[in-house]
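Accompanying notes for the structure given below.
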Amino acid sequence: MACFRLTPSSVLRGTLRVTRSSSFIEAHYRLATARFKGMSDTSVKAPGPDGSAAPTTRNMQASNPNGTGAPTYFRKGFGLKSEIQSELESDYTGHLVDLLKARDYTLTAGDVTIRLAREFGFCYGVERAVEYAYQARKKFPDRTIYLAGEIIHNPHVNSKLRAMGITFLMPESGGGHIDFSGVRAEDVVILPAFGVTISDFETLRKIGCVMVDTTCGSVLNVWKRVESYARDGFTSLIHGKYYHEETRATASQAEKYEGGRYFIVRNIDEARLLCDFIESRLSASALMERFAHAASPKFDPARDLQRIGVANQTTMLARESLAIGELVGQAMARARGDEYAKQNFRTFDTICSATQERQDAVVELLREPLDVMVVIGGYNSSNTMSLAALCSETVRTYHVEDADNIDPDSGTIRHRPLGEQGEIESTGWVPPNAPITVGVTAGASTPNNKIGEAVGRIFATRGIDPKAIR
Ligand code: SF4
């Protein structure tokens, strides 16, 4: 499990409190501080993002094309929380969600009951990232502000940021690089909660623009794990989506060390193929035919799968991550002996606590008799997909990207079925007469106003005016 935790309250205050095993995080912040001029701590000699020794403050000053003497790297906001608080609240607070929480996560009107999972919606990392983006706009009202990809995977939040004049620089399709060629030294670039790859970070550093880094502390924790595997000569086996921004940034950490390698599996079926290679049931060429896109360049299975360390994208299904670790460890022990596996296989659960809590809460909710489950969150939101996968095992589940996917007038719901790419529309998803209990949860990037709006639309589908619910 993550060996540190950012408390929500500290995030809201714009401060960080590291409660356990904090050396890496502290080093990261000190390093980040030391990277850029105008910051106070200049004494850190940790590795730079490319594995080289960290540049001294003096070097950084010399290489900063800005030449203005002002700081260019920020990861603690700008102390403007009070100035953006009301805007944040009006953009993202939901009355019906507040009511649900006050009523033990249950609202009944007519013969419709809504049950909300006890942990849902915005996590501490997302709150912090969104808040810092608003603060950046306030701090630099006249500058061009870019976002390196989406700040989080929620269409509503992203469209709010676009409306504030923030330009999104999206990676090439399939998880490629971001084109920063239009960014100038006087511009501001916000790094998302998922983080960016080492090479993207270096590109921005060379441009000398202002960077507002919102990378979540839980993601930094995974980077620490992958970096330690690479340092010790282990290949990082990452349970994640090879094209996802977080997994790409995490995988790039393996390249900090000469010979550092990564191999990404999306699910247990892909992990089984890896086990087939380890146990000589699959050739190296057959393995690479399938995984060339998801492994480090020039990956050689015979050479690079001798020592394996498992990590994961923070938002995967925790249960599956654990199962993959176990499966691969057992395959290695069968193929090469227990003692070999003990020395050459490591596993560590790097699912973040917010993801874990949301999955636990939905499992708890699913113990109750529910007629249908609605999961709200972006279709490209990994943690939302994990919640939808859990729910689908037990009850009829609709994953909707936004509240307006539920249309009370036509009685339809637009949703994406599990494992499919497209959205479909279903009618009659709520029976017209019988009493019904609807479970609701939302991914870590879904704001409360959208959850509340979805709840209101569920009631309205059965002809109940949500405004009348007090
Ligand atoms: S889901 Fe976890 S890792 Fe991702 S931003 Fe939220 S707290 Fe951080």
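Just so it is clear, none of the values below were taken in a lab; they were calculated from the coordinates. Given the structure is predicted, the values throughout are model-derived calculations rather than measurements. Because the Cβ atoms are built from the backbone with ideal geometry, glycine has one as well, and the counts that use them run over all protein chains shown.
Once you have a ≥ b ≥ c as the square roots of the Cα gyration tensor eigenvalues for the range 233-272, tell me rounded if a/c is under 1.5, and otherwise prolate or oblate according to whether a/b is larger than b/c.
oblate
How are the Cα pair distances of the range 221-351 distributed, in percent, across 10 Å bins from 0?
Result returned by the calculation: 14, 50, 34, 2.
Which of the residue pairs 76/298; 139/206; 81/450 have a Cα-Cα distance greater than 27 Å in the structure shown?
Long pairs (Cα-Cα over 27 Å): 76/298.
Tell me the trypsin sites (Lys or Arg not before Pro) within the range 356-431 that lie in a loop according to DSSP and have at most 10 other beta-carbon atoms within 10 Å.
Answer in residue order: 367.
Please identify the trypsin sites (Lys or Arg not before Pro) of the range 196-304 that satisfy two criteria: DSSP loop assignment and at most 15 other Cβ atoms within 10 Å. Which are they?
Sparse-neighbourhood loop trypsin sites (Lys or Arg not before Pro): 281, 298.
I'd like the distance separating the alpha-carbon centroids of the range 234-311 and the range 353-382, in whole Å.
Answer, in whole Å: 29.
Only counting other Cβ atoms within 10 Å, I'd like 349, 200, 187 sorted with the fewest neighbours first.
Listed from fewest to most nearby Cβ atoms, that is 349, 187, 200.
How many percent of DSSP beta bridges within the range 221-351 run antiparallel, rounded to 5?
Roughly 10 percent of the beta bridges in the range 221-351 run antiparallel, per DSSP.
Hey, can you grab everything whose amide H is under 5 Å from the amide H of residue 72? Only 5+ residues off in sequence or another chain; H modelled, so Pro and N-termini drop out.
Under 5 Å from the amide H of residue 72 lie the amide H atoms of 37, each far enough along the sequence or on another chain.
What is the local net charge at residue 150, summed over the other residues whose Cβ is closer than 15 Å to its Cβ (Lys, Arg +1; Asp, Glu -1)?
My count for the surroundings of residue 150 gives -2.
Which listed residue (296, 250, 328) has the Cα farthest towards the positive end of the charge dipole for the range 230-373, taking +1 on Lys and Arg C-beta and -1 on Asp and Glu C-beta about the Cα centre?
Result: 296, furthest along the dipole toward the positive end.
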